[in-house]
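Quick notes on the structure that follows.
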């Protein structure tokens with residue numbers, strides 16, 4: 001079945017620094033990738049949608065200059081949290097879908113802690 | 001605006017005690033309804049996609065059904081390893097970018 005690999009699984013960074021999270025589709029071409037944020041005991045909140053080769057579409061209230069999304073190839077998308085602050089601490093999850101994949105496949109998530 | 005409501009928020013069962021989780025939805029036109037399982041600290045794991053009212057799908061102890069207003073996830077004779085949060089999501093026909101709208105989830109605990 002379709003597999004999405006997300007790295008790192010957890011990261012701790014200092015306030016003011018930037019962190020990059022990678023999301024790779026291993027066995028299919030991901031034409032569209034999604035980035036979510038999840039707070040404890042809450043559901044997934046969509047942050048942005050990216051199509052390969054195009055600029056990401058951000059949800060209302062999500063700062064595009066703070067959460068940089070790149071989807072330069074059909075197998076890789078990255079989320080960079082710039083100038084991270086403690087309030088950015090959260091669980092970030094990517095998801096991908098492609099022409100020959102069923103539904104939406106999720107990565108394993110990244111726990112970001114900003115200290 | 002698309003809306004998804006899941007109930008109950010939490011459910012505690014004894015091993016072998018069958019039950020159902022509910023997902024009520026409101027969309028302009030349903031393209032697909034998805035069920036996922038999520039374990040703590042992990043990404044959601046795909047279970048089922050349902051496309052039209054009357055459709056049913058099964059996988060081991062799980063069975064998903066769909067009507068025009070809601071979906072049920074039936075769990076037959078659950079085991080402790082079925083403990084997880086179960087998420088329901090919908091994709092609307094007119095949704096731009098193929099986005100999913102998620103419910104808040106049902107946290108299931110199965111005691112041995």
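The values are calculated or read from the model by the stated rules, or taken from the named source; none is laboratory data. Every value quoted in this text rests on a predicted model; they were computed, and no experiment measured them. With ideal geometry, Cβ positions are generated from the backbone for all residues, glycine too; neighbour counts draw on all protein chains shown.
Tabulated values for the structure
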quantity: Conditions (1) in a strand (DSSP E or B); (2) modelled with pLDDT of 95 or more; (3) within 14 Å of another protein chain (Cβ to nearest Cβ): number failed by residue A:108; calculated: (1)
quantity: Condition check for residue B:72: at pLDDT below 95, touching a strand residue (DSSP E or B) at 6+ places or on another chain (Cβ under 7 Å) and under 19 Å from residue B:6 (Cβ atoms); calculated: no
quantity: Selection from the range B:54-79 of residues that are closer than 14 Å to residue B:37 by Cα, surrounded by fewer than 14 Cβ atoms within 10 Å (Cβ to Cβ) and in contact (Cβ under 8 Å) with a residue 24 or more places away in the chain; calculated: none
quantity: Search result, residues across the range A:78-105 that are without any contact (Cβ under 8 Å) to a residue 60 or more places away in the chain and within 8 Å of chain B (Cβ to nearest Cβ); calculated: A:91, A:103
quantity: Enumerated strands (runs of 3 or more DSSP E) restricted to the range A:23-77, each holding at least 3 residues that are touching a residue at least 60 places away in the same chain (Cβ under 8 Å); calculated: A:30-38
quantity: Filter pass, residue A:113 being assigned to a strand (DSSP E or B), surrounded by fewer than 22 Cβ atoms within 10 Å (Cβ to Cβ) and within 12 Å of chain B (Cβ to nearest Cβ); calculated: no
quantity: Residue match in the range B:31-45 (condition: more than 15 Å from the chain's Cα centre (by Cα) and farther than 30 Å from residue A:7 by Cβ); calculated: yes
quantity: Residues that are within 21 Å of residue B:40 (Cβ to Cβ), in contact with a strand residue (DSSP E or B) (Cβ under 6 Å, 6 or more places away or on another chain) and assigned to a helix (DSSP H, G or I), drawn from the range B:80-112; calculated: B:80, B:82
quantity: Members of the range A:16-52 found to be surrounded by fewer than 13 Cβ atoms within 10 Å (Cβ to Cβ) and touching a strand residue (DSSP E or B) at 6+ places or on another chain (Cβ under 7 Å), listed by number; calculated: A:18, A:26, A:39
quantity: Residue A:58 vs. criteria within 14 Å of chain B (Cβ to nearest Cβ), in contact with a helix residue (DSSP H, G or I) (Cβ under 9 Å, 6 or more places away or on another chain) and within 21 Å of residue B:89 (Cα to Cα); calculated: no
